[in-house]
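Quick notes on the structure that follows.
The values are calculated or read from the model by the stated rules, or taken from the named source; none is laboratory data. Just so it is clear, the structure is predicted and the values come from calculations on it, not from any experiment. Quick reminder, even Gly has a Cβ in these numbers, built from the backbone with ideal geometry, and neighbours come from all protein chains shown. In case anyone asks, the SASA skips ligands and DNA or RNA and just uses the protein heavy atoms, side chains included. Shrake-Rupley method; radii C 1.70, N 1.55, O 1.52, S 1.80 Å.
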Amino acid sequence: MTPAIPSSSPAAADDFVVQLALDRRLLHPAQVDAARAIVAAHQDPATPAPRVLELLIQQGVLTSRRVAELLASEFSMQMAPDLTNARITGDTLEMVPRAVAAKHGLLPLGREGNKLRVAISDPLDTDGIDALGYLVKMPIETVVTTAEEIAAAIDRFYGKDANSIDDLLNDLSVSDSAGETNAVTTEPGAGVNPTNTEADAPIIKLVHQIILEAIQRRASDIHIEPLEKRFRVRYRIDGVLIEVENPPKRLQLSIISRLKIMANISIAEKRIPQDGRIQIGVGGKQLDLRVSSLPTAHGESIVMRILDKEGLTLGLPELGFLSDDAATFERLIQLPDGILLVTGPTGSGKTTTLYGCLHFINKPDRKIITVEDPVEYQLNGINQVPVRHDVGMTFASALRAMLRQAPNIVMVGEIRDLETAEIAINASLTGHMVFSTLHTNDAPGAVTRLIDIGVKPFLVSTSLRAIMAQRLVRKICRHCKRPYVADAKELRSLNINPAQAANATFAKGEGCGDCNATGYRGRMGIFEIFVMNEEIQKMIYENAGTARLREKARSQGMRTMREDGARKVTAGLTTIEEVVSITVGDVA
């Protein structure tokens with residue numbers, strides 16, 4: 001017989017759960033009687049009497065997970081997903097203060113339509129759920145998990161009690177004058193561990209909290225921007241800037257000064273751009289933050305690029321290559337000599353693709369040297385040379401020295417000028433395979449760009465083996481991925497014909513806690529691979545324009561980035577909107 005739903009008192013709730021377990025034959029009456037006898041025998045007034053359910057869990061007769069499943073089943077509720085891997089947006093966390101979450105043992109997971117989805121440990125605590133509904137002014141949809149998981153998640157997402165942002169701001173309120181100008185008093189150019197005053201401690205904690213939250217949310221960049229009346233913080237997640245909780249404007253100088261000290265750049269110099277680096281350890285991993293400071297009308301803007309020092313070991317499929325393009329690219333990167341260029345705008349994943357190439361061809365019988373500005377990821381077995389303009393170590397000078405080291409493969413981070421381009425071409429003509437990047441909008445445009453900076457057309461035609469242009473598109477979140485039917489307008493935007501649409505697997509993400517309610521999680525490349533042959537080499541030698549080269553490449557089977565994106569849309573990997581927004585329409 002199902003027990004009556006009790007009042008919200010802890011003892012009554014325990015009795016309800018114990019009776020449920022007895023009815024489901026998860027407990028034996030003798031086990032319950034023994035636990036009740038221990039409770040009744042408790043006589044120490046200095047300590048609270050143990051509760052029957054706590055004793056049964058301590059004795060291993062029941063588990064917290066089993067109790068949660070029992071309650072979920074009884075009230076026809078779902079179990080919450082594993083909170084260890086949950087992703088919760090800052091907007092969601094702002095809706096429910098830490099104190100409310102801790103008091104009622106609940107965690108907001110995200111919005112679903114007009115409802116707030118919340119993980120709870122005690123469905124019997126109707127007062128807590130009602131109070132939350134009143135606070136957020138919207139219906140609550142509950143899922144069940146254990147109290148231990150919720151407590152750990154509250155600490156992870158909100159921070160420990162002493163480090164919560166609310167507490168940090170409360171600490172700062174008692175020393176406003178220090179927060180305004182004097183929170184950081186270290187000399188310019190000091191190291192990353194300066195001597196801090198007691199007034200500095202809340203600022204230090206707040207800065208660390210901003211960085212830690214960005215890492216937890218998989219951000220690639222942190223943007224800290226002084227505006228006229230506010231101090232804005234944004235994270236770039238999967239290529240999209242998302243604004244998070246902004247610190248008070250009065251803390252602007254202190255936060256910027258703290259970051260500049262951590263990056264070992266001068267806090268006295270505020271008139272010119274500066275660059276620095278912060279090295280931190282998070283979760284046993286070493287991360288680098290590349291810091292850029294830029295003077296603006298309302299103060300210095302700081303951008304921090306988050307880099308994993310332990311390096312990348314991505315294969316070509318992880319980069320986004322489908323099987324036919326992967327086979328073509330694998331053949332190209334294993335050629336004995338020549339130049340392979342990867343082109344695209346800043347942030348399009350060019351360097352990551354080159355690292356993937358080096359990882360693929362990195363074998364003990366090959367000597368590989370790279371010159372980069374700066375070295376972003378560390379690769380085992382590869383000699384990586386950082387550019388240092390202050391001592392004259394430019395791309396060109398480093399490349400000259402590298403060739404005396406007898407490498408098989410050379411990677412130049414970027415071809416920026418004629419000198420670097422000529423040395424790279426000469427290296428390719430003397431038996432080296434050279435990888436590099438160039439800033440152009442498409443693959444054929446790289447030929448014109450090289451000629452524009454002064455490289456002779458005959459050298460371009462002789463040395464180039466292939467050019468690949470790329471962009472990054474967001475992948476559909478696999479946790480909330482759902483099929484859908486594309487309409488005629490969407491199909492026309494990518495030139496998908498009815499036959500292709502009939503065999504396609506169109507999908508969209510509904511938005512969940514794992515993807516910050518965006519429907520996307522992670523990114524992949526879309527590519528345009530322009531392979532040289534004798535006919536195209538002749539056209540380059542004759543100084544043919546970009547339009548003619550593109551037309552010839554298309555006639556020989558080159559797919560544009562939009563066409564490659566359409567293939568990934570029909571495979572259910574990304575969406576039509578994402579590909580259309582990131583690519584230019586193909587010219588017939």
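Among the residues of the stretch 240-265, how many are open to solvent by 30 Å² or more (accessible area, probe 1.4 Å) and touching a residue at least 12 places away in the same chain (Cβ under 8 Å)?
So the answer is 10.
Going by what's in this entry, would residue 521 be described as out of contact with any Ser or Thr (no Cβ under 9 Å at 6 or more places or on another chain), closer than 30 Å to residue 455 by Cα and open to solvent by 60 Å² or more (accessible area, probe 1.4 Å)? Show your work before the answer.
Numbers: out of contact with any Ser or Thr (no Cβ under 9 Å at 6 or more places or on another chain): yes; closer than 30 Å to residue 455 by Cα: no; open to solvent by 60 Å² or more (accessible area, probe 1.4 Å): yes.
Considered against the rule, which asks whether it is out of contact with any Ser or Thr (no Cβ under 9 Å at 6 or more places or on another chain), closer than 30 Å to residue 455 by Cα and open to solvent by 60 Å² or more (accessible area, probe 1.4 Å), residue 521 comes out as no.
Quickly run through the stretch 351-381 and pick out the residues that are over 22 Å from residue 320 (Cα atoms), open to solvent by less than 30 Å² (accessible area, probe 1.4 Å) and charged (D, E, K, R).
372
Looking at residue 124, is it touching a residue at least 40 places away in the same chain (Cβ under 8 Å) and closer than 17 Å to residue 156 by Cβ?
Criteria not met by residue 124.
For the stretch 276-294, how many residues are surrounded by fewer than 15 Cβ atoms within 10 Å (Cβ to Cβ) and either at pLDDT 80 or above or small (Gly, Ala, Ser) (or both)?
Number of matching residues: 5.
Identify the residue in the stretch 70-83 that is part of a helix (DSSP H, G or I) and in contact (Cβ under 8 Å) with a residue 60 or more places away in the chain and, among all such residues, is farthest from residue 136 (Cα to Cα).
Filtering the stretch 70-83 for residues part of a helix (DSSP H, G or I) gives 70-74, 83.
From what's left, in contact (Cβ under 8 Å) with a residue 60 or more places away in the chain: 71-72, 74, 83.
On the way: 71: 25, 72: 24, 74: 27, 83: 22 Å.
So, considering only residues that are part of a helix (DSSP H, G or I) and in contact (Cβ under 8 Å) with a residue 60 or more places away in the chain, the one farthest from residue 136 (Cα to Cα) is 74.
Output the number of the condition that residue 5 fails; it satisfies all remaining conditions of (1) in a loop (DSSP other than H, G, I, E, B); (2) at pLDDT below 80; (3) loosely packed, with under 12 Cβ neighbours inside 10 Å.
(3)
In the stretch 25-39, which residue that is touching a helix residue (DSSP H, G or I) at 6+ places or on another chain (Cβ under 9 Å) and assigned to a helix (DSSP H, G or I) is surrounded by the fewest Cβ atoms within 10 Å (Cβ to Cβ)?
29
Restricting attention to the stretch 574-588, and to residues there that are open to solvent by 60 Å² or more (accessible area, probe 1.4 Å) and in a loop (DSSP other than H, G, I, E, B), which single residue is modelled with the lowest pLDDT?
Once the filter is applied, the top-ranked residue is 588.
Can you list the helices (runs of 4 or more DSSP H) lying wholly within the stretch 300-383 that have 2 or more residues being touching an Asp or Glu at 6+ places or on another chain (Cβ under 9 Å)? Can you show your working first?
Numbers: elements: 316-319, 323-333, 350-361.
Ranges flagged: 350-361.
Where in the stretch 390-506 are there strands (runs of 3 or more DSSP E), lying fully within it, with 3 or more residues that are open to solvent by less than 40 Å² (accessible area, probe 1.4 Å), touching a strand residue (DSSP E or B) at 6+ places or on another chain (Cβ under 8 Å) and in contact (Cβ under 8 Å) with a residue 12 or more places away in the chain?
Ranges flagged: 409-412, 433-438, 464-476.
Condition test on residue 348, is it surrounded by 20 or more Cβ atoms within 10 Å (Cβ to Cβ) and closer than 22 Å to residue 251 by Cβ?
When the stated conditions are applied, residue 348 does not pass them.
For the stretch 90-122, how many residues meet the condition of being under 24 Å from residue 212 (Cα atoms) and part of a strand (DSSP E or B)?
So the first thing to find is which residues in the stretch 90-122 are under 24 Å from residue 212 (Cα atoms), and the list is 90-102, 105-111, 118-119.
Keeping just the survivors that are part of a strand (DSSP E or B) gives 106-111, 118-119.
Number satisfying all stated conditions: 8.
Looking at the stretch 537-567, which of the residues that are out of contact with any Lys or Arg (no Cβ under 9 Å at 6 or more places or on another chain), of a type outside the set (Gly, Ala, Ser) and farther than 19 Å from residue 449 by Cβ is most open to solvent (accessible area, probe 1.4 Å)?
Only one residue fits best here, namely 538.
Considering only the stretch 263-291, state which residues are more than 16 Å from residue 213 (Cβ to Cβ) and not in a strand (DSSP E or B).
Across the stretch 263-291, the qualifying residues are 263, 264, 265, 266, 267, 268, 269, 270, 271, 272, 273, 284.
Can you tell me how many residues within the stretch 90-129 are surrounded by fewer than 20 Cβ atoms within 10 Å (Cβ to Cβ), modelled with pLDDT of 80 or more and on the phi > 0 side of the Ramachandran plot?
The number of residues fulfilling the criteria is 1.
Restricting the first residue to the stretch 202-224 and requiring it to be more than 22 Å from residue 238 (Cα to Cα), which pairs with a second residue that is basic (Lys, Arg) meet a Cβ separation below 8 Å and a spacing of at least six or different chains?
From the stretch 202-224, the pairs are 203/258; 204/258; 207/258.
Could you give every pair whose Cβ atoms fall below 6 Å, whose first residue belongs to the stretch 45-64 and is assigned to a loop (DSSP other than H, G, I, E, B), and whose second residue is at pLDDT 75 or above, counting only separations of at least 6 or pairs across chains?
Close Cβ pairs (under 6 Å, with a partner that is at pLDDT 75 or above) amount to 61/31; 62/56.
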